[in-house]
Amino acid sequence: MGAALATVPYALLSGTRAAAQPRAVDHPSAEWQPASTSNYTRSSRPTAYPVDHVVIHVTQETYADTLSIFRDPERQVSAHYVVRSSDGHVAQCVREADIAWHAGNWDYNTRSIGIEHEGWVDRPEYFTNAMYEQSARLTAAICTTYGIPKDREHIIAHHEVPGSDHTDPGPLWDWTRYIRLVNFA
């Protein structure tokens, strides 16, 4: 009987969580929304590469469109997480052990976790309380997991990545508030 159970897929034994794919998410409140395997590099971080930064992005797209872009193998882009504006819902698209293609700089991709935030850099109505709060909880958990200091030297904007031609998260992102929330999460 033990051998027979070993061949039964985990999904059949785990009840309602079967659809979530076992071990799919690294952050407990995240929903698994996988990126195409063509849009990131498999790895074994932090063994293969240390993780010492969190990169903050703004999508310049809707939440749903961002997930679609990450699923499209032609796009060659992904991030580990996407945070929805309206309610702070978090989707995980790439495992933290793997290298998402989000920073535009291979060295930073290997060493960071990328978090996209639904919205546009020039539309502050997208930067909701729920989004800031849930993102800060996520960033705090990542920092704790990898021993990353919870400061602006280690939690950086996409535009601060060397060689970046992006402007996100933009001048309307409230860094003082965000870092305070990260430190009190």
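Each reported figure results from applying straightforward, stated rules to the coordinates on display, with no laboratory input. As the structure is a prediction and not an experimental result, all values here were calculated from the model. Here Cβ is always computed from backbone atoms with ideal geometry, including for glycine, and neighbour counts include all displayed protein chains.
Computed quantities for the displayed model
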item: DSSP bridge orientation in the chain - percent antiparallel, rounded to nearest 5; result: 30
item: The stretch 167-184 and the stretch 110-162: distance between their alpha carbon centers, rounded to Å; result: 7
item: Mean separation of Cα contacts under 8 Å, 6 or more apart, over the residue count of the stretch 55-185: relative contact order %; result: 30
item: Loop-located GluC sites (Glu not before Pro) in the stretch 20-112 whose Cβ has at most 13 other Cβ within 10 Å (DSSP); result: GLU74
item: Expected 222 nm ellipticity per residue - DSSP helices of 4 or more, -39500 (n - 2.57), all of the chain, to 500; result: -8000 deg cm²/dmol
